Amino acid sequence: MSSIANMHKSRSVIDVDTTPVTVFTGFLGAGKTTVIINLLKRVSSVYNIVLLKNEFGDAETDSALARESHIQVTEMTNGCLCCVLVGQMKRALEEMKEKYRPDRIIIETSGSAFPAPIAWQIREMEGSGFHLDSILTVIDCINFCGYEDTSYTARMQAQYTDLILLNKWTHVNERQLDIVVDHINELNTDTPKIKVGADGGVDPEMIFGLDTKLFALSERPAAEVDSALATFVTASDASSGLDHHAHEVDLIEIRRSKSGNLSEEGICSAEFMTFLTSLPADDVYRVKGIVRLVGAISDSEPPSDNTKSSDSALYIVNHAFGRFTFTCLTSKPQLSQDVLVRVTILGTGLRMHLPRLLDGFMASESDMTVQWAQRPE
């Protein structure tokens, strides 16, 4: 792996009123939210960090997970920061700066975001008190070699970054890790690569104060901007509200509320875990959302001391390439007590799995919206 000995630290003189911005990228299911949450556990409580979270769909799942860790989060949903929401990020950053007076802002992009347009936006806001500090890419060591050849964005994320964070490396053997690093080195030899800690965290001293030189405005000719954006959003996409995600992944959103039927107080937790285990990792990349489950979840904290195993409770489900976790939702802002399912499913070839997905979530076609991948021929 690349040595980190020569990694430069910030040399720019940053005004006290300037807020440094750290951008996390990484493909679907790489573990960006987990890395950020565990990173913040290593930061002093007096250092005020605010998270700007960009999510697929409108489930706001990862944001709910971050709030469970008492992190202040602002969401940007139903689009991508690097195309459809390209103009909204500026307003969001300005509002966060005014409202929270943060010492640092962390931006977590969606899984298919290309870093260049995001970096250029932040560069353009330097006069408004923002400084692009670094662009970090989280790599999923279990699955990177599987989607590297099919996702243009995943390759771009690995190429244009200040630091590559190797996540989930404890779940592969030494030979498999070497193969992953070899693949990354074919895309990006010089950028330092470090392993994420066993607890999912990274030392803040390693990633704060990098003072990135990537995507300088002085090096951005107009033709390059037009070309980069055209790669990710066409005129027809923009007019229809679609973004470049439509060219890489299928997206299914399921929304269902409880009915008066007592049998629909929630989904049996044991059956739901069996259902998640059965999903093919090669096709179903992510399942994330909020699900009401009946029965105890062994890997999750109980909802409360007074909750019986037969009672239902809301859980955040976070499934990525065959691995999944549950987190009991204790804070329920903007959530109806009638919610049964509110999930986003991402993957490829999901049409063939549609009956199984609907059955697993106790849903019908009227409960879902879909956006099938429109890969260019």
Qualifying positions in segment 125-150 - surrounded by 20 or more Cβ atoms within 10 Å (Cβ to Cβ) and either closer than 18 Å to Phe321 by Cα or among the hydroxyl-bearing types (Ser, Thr, Tyr) (or both)
Ser134, Thr137, Val138, Ile139, Asp140, Cys141, Ile142, Asn143, Phe144, Tyr147
Determine which member of the set Val21, Val50 is outside any loop (DSSP other than H, G, I, E, B), among the aliphatic types (A, V, I, L, M), in contact with an Asp or Glu (Cβ under 8 Å, 6 or more places away or on another chain) and at pLDDT 85 or above.
Val21
Residues in segment 252-271: is at least one modelled with pLDDT of 85 or more and under 19 Å from Ser151 (Cβ atoms)?
yes
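The values are calculated or read from the model by the stated rules, or taken from the named source; none is laboratory data. Because the structure is predicted, anything quoted here is derived from the model rather than measured. Ideal geometry is used to build each Cβ from the backbone, glycine not excepted, and the neighbour counts take in all protein chains shown.
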